[in-house]
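Structure, as structure tokens:
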Amino acid sequence: MKNIKFLDLQKINHRFRKEIDSAISEVHNNGWYLLGQRTELFEKSFSKYCGAKYCISVGNGLDAIELILKGFGIGFGDEVVIPAHTFIATALAVSSTGARPVFVEPDEKTFNIDVNLIEECITEKTKAIIVVHLYGQVVDIDSITKIAKKHNLKVIEDAAQAHGSFYKNDKRTGNLADAAAFSFYPGKNLGALGDGGAVVTNNSELSIKIATLRNYGSEQKYNHKYKGFNSRLDEIQAAVLDIKLRNLDADNKRRMIISKYYRNNMINPHILLPEVSGLENSHTWHLFVVRVKKRENFQSFLLANGIATSVHYPIPIHKQKAYKEFNNHTYPISEKLSKEVCSIPISPVLTDEESEYVVKIVNKWENS
């Protein structure tokens with residue numbers, strides 16, 4: 001029997017072992033560990049990769065979203081429209097500024113925010129729309145931008161799961177809105193060996209403000225312009241990310257190949273497969289998420305056959321204790337998805353033999 005991990009990070013990172021060891025040694029020998037040459041190099045590399053002018057690296061993806069909101073002056077008394085079906089970090093960033101998250105149901109086919117429901121949630125207090133390219137699939141950004149312009153709102157990309165995804169084969173995530181937030185958590189398509197994040201934007205004023213906010217609100221040592229944060233990517237993580245960035249397109253291509261194989265060969269009538277709403281490269285498959293009615297049974301069957309799975313996300317944000325003020329609200333589609341979604345293995349190091357085995361076992365499962 002096979003033993004297929006949900007995500008084999010050790011195997012993913014081992015491919016770059018020599019380069020990473022050399023880079024870490026170089027940082028150690030230099031004796032400069034924060035906001036140094038390695039960070040500057042990665043910021044230039046990643047902004048160029050995204051097709052944007054500026055990249056400001058930060059401590060993590062949550063900080064990246066909050067810093068963007070703070071940079072735009074969004075806070076107490078304001079409202080920010082976000083998807084109801086996403087990781088809680090999107091909401092936490094809004095709450096941390098003092099603003100109120102306003103949840104919008106997802107499209108059942110794409111899992112992304114339902115564009116048709118956004119406008120009815122906008123009020124005079126609304127200042128921004130955060131779009132999440134969930135699981136790696138780009139949202140319908142043109143339609144959202146049109147709504148935002150009509151109501152004079154900022155559009156912010158939560159691109160934590162969509163490094164390298166394209167929109168209409170033209171622009172990448174990070175270059176589709178007023179600003180974008182990325183996470184480099186180890187399990188991401190572009191993952192560090194620890195936490196990390198970045199803000200990407202074409203807005204010069206915003207980039208300067210965020211670069212200041214991330215460093216205690218200081219442009220010059222001991223001179224503090226803002227009540228800032230301590231949110232900086234360290235030199236080692238920057239070095240690791242710059243190395244792995246060179247292989248990101250190839251890794252994403254491998255994910256797309258596996259996804260296409262899954263979608264063409266999984267024929268179990270009890271499983272609903274994910275859909276791609278745009279071109280193939282509009283989805284970089286951070287996760288491959290299927291829907292099943294009897295999820296626990298499905299997961300147990302796969303695990304018994306040596307295949308690990310995961311669930312993203314079993315409890316909707318509005319049902320979390322942290323958001324008790326929303327506990328009585330109802331978002332039926334989000335609640336339905338939370339009970340049915342199941343993520344199966346997909347990664348650039350998953351072999352053809354392993355992906356074939358996953359398909360074989362998934363097709364054997366009976367919904368009984």
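The values are calculated or read from the model by the stated rules, or taken from the named source; none is laboratory data. Predicted model, so just to flag it, every value in this text is computed and none were measured. Virtual Cβ from ideal backbone geometry, glycine too; neighbours counted across all protein chains shown. Side chains are part of the model used for accessible areas, which takes the heavy atoms of the whole protein and leaves out ligands, DNA and RNA. Shrake-Rupley method; radii C 1.70, N 1.55, O 1.52, S 1.80 Å.
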quick note, the chain, DSSP beta bridge pairs, % antiparallel (nearest 5) is 60
Return the distance in nm (one decimal) between the two label points of a simple spin-label model at Glu353 and Gln37, each offset 7 Å from Cα along Cα→Cβ.
-> 4.4
Square roots of five times the Cα gyration tensor eigenvalues for the chain, Å = 33, 27, 17
Using the Cα gyration tensor of segment 1-143, the equivalent ellipsoid's semi-axes, largest first and to the nearest Å, work out to 34, 23, 14
Computed from the beta carbon distance with a Förster radius of 22 Å, FRET efficiency for Ala322 and Phe6 to the nearest 0.05 stands at 0.30
Provide the three semi-axes, in whole Å and in decreasing order, of the ellipsoid equivalent to segment 219-368 as defined by the square roots of 5 times the Cα gyration tensor eigenvalues.
-> 35, 26, 14
Share of segment 15-60's accessible area from carbon and sulfur, percent, 1.4 Å?
-> 51
Taking 0.36 nm per intervening residue step and subtracting the Cα-Cα distance, what contour gain separates Val311 from Asn223 on full extension?
-> 27.1 nm
Given a Förster radius of 45 Å and the C-beta distance between Asn29 and Leu279 as r, what FRET efficiency does 1/(1 + (r/R0)^6) yield to the nearest 0.05?
-> 0.50
Per residue, what accessible area does the chain have, given a 1.4 Å probe and all protein chains present, in Å²?
-> 46
For a quick protection proxy, order the peptides 81-89, 38-46 by their average other-Cβ count within 10 Å, most packed first.
-> 81-89, 38-46
Just how large is the dipole of the chain about the Cα centre, in debye to the nearest 20, putting +1 at every Lys and Arg Cβ and -1 at every Asp and Glu Cβ?
-> 240
Any idea how far the Cα center of segment 144-220 sits from the one of segment 14-41, in Å?
-> 24
Sorted by average packing, counted as other Cβ atoms within 10 angstrom per residue and highest first, what order do 207-214, 129-136, 254-261, 347-354 take?
-> 129-136, 207-214, 254-261, 347-354
Round to a whole number: what % of the accessible area of segment 213-368 belongs to carbon and sulfur, probe 1.4 Å?
-> 50
Given Cα pairs under 8 Å that are at least 6 residues apart, what percent is the relative contact order of the chain?
-> 22
Dipole of the chain (Lys/Arg Cβ +1, Asp/Glu Cβ -1, origin at the Cα centre): which of Tyr357, Val102, Ser165 lies farthest to the positive side?
-> Tyr357
Taking Cα pairs closer than 8 Å and at least 6 residues apart, the relative contact order of segment 225-368 in percent is 31
What is the calculated FRET efficiency for Ala304 to Glu108, with r their C-beta to C-beta distance and R₀ = 22 Å, to the nearest 0.05?
-> 0.15
Most to least packed among 355-361, 9-15, 99-105, 176-182 [average Cβ atoms within 10 Å] | 176-182, 99-105, 355-361, 9-15
In the P(r) worked out for segment 8-79, what percent of Cα pairs fall beyond 14 Å?
-> 74
Hey, for a label at Glu205 modelled as a point 7 Å past Cα toward Cβ, could you say which residues of segment 171-194 have their backbone N under 19 Å away?
-> 177-180
Do the sum for the chain: with -39,500 (n - 2.57) for every DSSP H run of n ≥ 4, divided by all residues, what is the mean residue ellipticity at 222 nm, to the nearest 500 deg cm²/dmol?
-> -11500 deg cm²/dmol
Kindly sort Leu273, Leu193 by accessible area of their heavy atoms, largest first, with the probe set to 1.4 Å.
-> Leu193, Leu273
If one puts a single equal scatterer on every Cα of segment 90-232 and applies the Debye formula without solvent, what log₁₀ I(q)/I(0) results at q = 0.13, 0.16, 0.18 Å⁻¹?
-> -0.63, -0.95, -1.17
Give a quick list of GluC sites (Glu not before Pro) in segment 52-153 that DSSP marks as loop, anything other than H, G, I, E or B, with at most 16 other Cβ atoms within 10 Å.
-> Glu108, Glu124
What percent do you get for the relative contact order of segment 1-120 when only Cα pairs under 8 Å and 6+ apart count?
-> 16
